[in-house]
1. What's the number of the only condition in (1) more than 16 Å from the chain's Cα centre (by Cα); (2) of a type in the set (Lys, Arg); (3) within 28 Å of LEU155 (Cα to Cα); (4) crowded, with 22+ Cβ neighbours inside 10 Å that ARG68 fails to meet?
2. Based on this model, can you work out whether ALA82 counts as over 27 Å from ALA185 (Cα atoms) and modelled with pLDDT under 90?
3. Checking ILE22 against (1) part of a helix (DSSP H, G or I); (2) open to solvent by less than 20 Å² (accessible area, probe 1.4 Å): exactly one of these is not met. Which one?
4. Go through TYR4, TYR13 for me and flag whichever is among the hydroxyl-bearing types (Ser, Thr, Tyr) and in contact with a Lys or Arg (Cβ under 9 Å, 6 or more places away or on another chain).
5. Name every residue in the range 146-161 that is of a type in the set (A, V, I, L, M) and open to solvent by 80 Å² or more (accessible area, probe 1.4 Å), in order of residue number.
6. Just to be sure before I move on: is THR164 in a helix (DSSP H, G or I), hydroxyl-bearing (Ser, Thr, Tyr) and either within 28 Å of LEU336 (Cβ to Cβ) or open to solvent by 10 Å² or more (accessible area, probe 1.4 Å) (or both) in the structure I sent?
7. For a quick check of your reading of the model, give me the residue pairs whose first member lies in the range 79-102 and is of a type in the set (Asp, Glu), whose second is in a helix (DSSP H, G or I), with beta-carbon atoms closer than 8 Å and at least 6 apart or on different chains.
8. Determine whether the range 282-296 contains at least one residue that is hydroxyl-bearing (Ser, Thr, Tyr) and either crowded, with 23+ Cβ neighbours inside 10 Å or touching a Ser or Thr at 6+ places or on another chain (Cβ under 6 Å) (or both).
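The values are calculated or read from the model by the stated rules, or taken from the named source; none is laboratory data. In this text the structure is predicted, and so the values were computed from the model without any measurement. Note that each Cβ is placed from the backbone with ideal geometry, even for glycine, and that neighbours are counted across all protein chains shown. In case anyone asks, the SASA skips ligands and DNA or RNA and just uses the protein heavy atoms, side chains included. Shrake-Rupley method; radii C 1.70, N 1.55, O 1.52, S 1.80 Å.
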Amino acid sequence: MNRYKQNAKWLTYYAPFKSLSISAAYLTPFFLQRGLSLSGVFLLQSIFSLAFLLWEIPSGYIADRFGRALSIKLSAPIVGLAMIAYGFSSHYWQFVVLELILALAGGLISGIDTALLIDSLRADGREAEFVKLSQRINAIGFGATALGVPIAVILVTYVSVGSTLVADGVLALIGSVFAFKLVEAPHFNSSQEALRLSAWHAMKKLGHSAEARWLVVLGSVLNAATYLAFWLSAPYYQSMGIPVVLFSVVLAVRSLWKAWLSHHFLQEKHLERNMLTYASLAGLVYLAMATRQLWLVWLVLGHDIVQALQSQPITAKLNAHIQHEFRATMNSLVNLVQRLVYSLAGPLVGLLVDKAGLSVGFLLTGVVCSATAFIALARLHKLNTFQQRR
């Protein structure tokens, strides 16, 4: 039996350890306790994103050249050690150094796990199962966050907020066991110069495709909507009087909701209607948050629908434009664009919130996110991207 056929299983087992299952609800409070403002938090994340930008394409090229499974095996222990160090850090310069290390490790898996999964399924004649398996992997990751809640509550109550980051570092090191079981799937091999030139040609070809460009725009803005909301959720909850120790409980409910969505909704039909729903929810949830009404807090579940379900169909459509020889590089390119959006939007939103307040920040962010998503969907509608094919 070809060992690469087990990659889908090992990537599934690795999913809960790759997620920040313990510390996720407490990252913003952790930084605020260390004296950072919201704009400072977003600036720190932009440093991470910019480092990621510089490393994204080289890391994808390295994975294509030397091995995608090898790249993931290098990433896992680095993340573990960096998260443990993060939990014991208290100075901004330490945060910057560790964000750079996490960017290095993140680049070694960003888009590369997708490429390894697709190529493993492709070599086994199961490429059509990508969306289903990818959603299953996401569901397990979301579920792990919910399962980590009791540990998080105990650590925050009796130890410290920083201890949740240490716990995630330990989990990442344990997860390395599954990452080390991954093997290379069959893919193109050639000389370094030929590969470099071909990858550059593949990159230009992807950029010249109107459908690919608008898919990237759509995916980037929907990802940005939920990414920015994640970092703003802590001050949003605090503004309504929700105790910090309950943040992980709220996150658990939301994670179980995302796990249920990812597990039960296989998106094979009505893709265009679904994408219109995601584009609407991206903005409407922000508008609900802008009201600062406690009875509307449940509407944040709308962003979880977007996060859980939008990426797999978009990724599948994009990978139809990508040659399998350069799948890691091209998926890294897509992630680079998304990171660029984060790095530009994050500090602007943080500064807006610091100067004008949460409500104004939520309102403007929601309007911009939904408007951009609708523009992208209008262009994709003309290209029949998500319409049912007969």
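1. ARG68 satisfies every listed condition except (3).
2. Details: over 27 Å from ALA185 (Cα atoms): yes; modelled with pLDDT under 90: no.
No; evaluated as a whole, the condition is false for this residue.
3. (1)
4. Values: TYR4 fails: in contact with a Lys or Arg (Cβ under 9 Å, 6 or more places away or on another chain).
The unique qualifying residue is TYR13.
5. Our first condition is that a residue be of a type in the set (A, V, I, L, M); within the range 146-161, this holds for 146-147, 149, 151-156, 159, 161.
Within the range 146-161, LEU147, ILE151, ILE154, VAL159 qualify.
6. Details: in a helix (DSSP H, G or I): yes; hydroxyl-bearing (Ser, Thr, Tyr): yes; either within 28 Å of LEU336 (Cβ to Cβ) or open to solvent by 10 Å² or more (accessible area, probe 1.4 Å) (or both): no.
Criteria not met by THR164.
7. Close Cβ pairs (under 8 Å, with a partner that is in a helix (DSSP H, G or I)) amount to GLU99/LEU44; GLU99/GLN45; GLU99/ILE47; GLU99/PHE48; GLU99/ALA51.
8. So far as the range 282-296 goes, yes, one or more of its residues are hydroxyl-bearing (Ser, Thr, Tyr) and either crowded, with 23+ Cβ neighbours inside 10 Å or touching a Ser or Thr at 6+ places or on another chain (Cβ under 6 Å) (or both).
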